[in-house]
Amino acid sequence: KDPARVTLGGEEKEVTVLFSDIRGFTTLSEKVSAEKLVQILNKYFSRMSAEIIQQEGVLDKYIGDAIMAFWGAPLTDPAQADHALQAAKAMIQKLEILNEGLRASGDPEIRIGIGLHTGLAVVGNIGSEFRFDYTLIGDTVNVASRLEGLNKEHKTTLILSESTKNKIRGEHSFRYLGEVTVKGREASLHIYTL
């Protein structure tokens, strides 16, 4: 409604960030043709994205086979951690249904890892005068990405930080995974899974 407000820059907000990535994507891409891989990816992205949007998330971007989404901006969301966790749970459930179809057609199944972290980030139009995106930047984004990667080590599908766990209002059963230091960050984190 107000094009003058669409300028470069951002503001600091508390957000909950979700990163999701396909496990063994290189192996998957070796097993099927490029055309088939795109078909599988498109089905996967459509189903996962629908769950993020259903839970009022901002679908930020696809990075190769990864998905980045967030809650808490542009509109403040007091239930952002709950929405993010509900989206993650729904993504895992929808992936099982997608995998049933892939198995039935003889295609390789997809396994994913999801990381959730809540904290401060700068949110806004970030880029150049030629092209920019409404996105977020900061330590919170990096931590969510690193937590997603820790799923391999912990043999889990979902890892969330203590800051996200502490913001969740709904009733869930969490399992403590331990204290970790993620790459590029000095402060350690307590992490959990469902």
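Coordinate-derived values only; no laboratory data. From a predicted model like this one, the values you see are computed outputs, not experimental measurements. Backbone-built Cβ (ideal geometry, glycine too); neighbour counts: all protein chains shown.
Things worth noting here:
- Counting charges near GLY178 (Lys, Arg +1; Asp, Glu -1) among other residues having Cβ under 12 Å from its Cβ returns a value of -2.
- Here's the picture: a label point sits 7 Å out from the Cα of ASP139 along the beta-carbon direction, and within region 167-187 the residues with their amide nitrogen under 15 Å of it are 180-187.
- Listed by chain and number, the lysines placed with their C-alpha closer than 21 angstrom to that of LYS43 are LYS31, LYS61, LYS89, LYS94; residues fewer than eight positions away on the same chain are left out.
- In this structure, the amide hydrogen of GLU12, modeled 1.01 Å from its nitrogen in the peptide plane, lies closer than 5 angstrom to those of VAL123, counting only residues at least 5 positions away or on a different chain.
- Quotient of C-alpha Rg and 2.2 N^0.38 Å, computed over region 1-133: 1.19
- Coil-residue chymotrypsin sites (Phe, Trp or Tyr not before Pro) of region 114-194, DSSP, other Cβ within 10 Å capped at 16: PHE130, PHE174
- The chain, helix-only ellipticity at 222 nm - DSSP H runs n ≥ 4, -39,500 (n - 2.57), divided by all residues, nearest 500: -12500 deg cm²/dmol
- Sequence ranges 137-143, 25-31, 39-45, 78-84, ranked by mean other-Cβ count within 10 angstrom, highest first: 78-84, 137-143, 39-45, 25-31
- Of the residues ILE97, ILE53, ILE168, the one that moves most in a GNM of the chain with alpha-carbon contacts below 10 Å is ILE97.
- Full-extension gain in nm, LYS31 to ILE53, via 0.36 nm per residue minus C-alpha separation: 4.8 nm
- Over region 64-178, the pair-distance histogram of Cα-Cα distances with 5 Å bins from zero comes to 2, 10, 18, 21, 19, 13, 9, 6, 2, 0 percent, rounded to whole numbers.
- Contact order, relative form, for region 58-166: 22 percent (alpha carbon pairs under 8 Å, 6 or more residues apart, mean separation divided by residue count).
- Most mobile of ARG23, ARG175, ARG111 in a GNM of the chain (Cα contacts under 10 Å): ARG175
- Based on C-alpha pairs under 8 angstrom that are at least 6 apart in sequence, the chain has a relative contact order of 25 percent.
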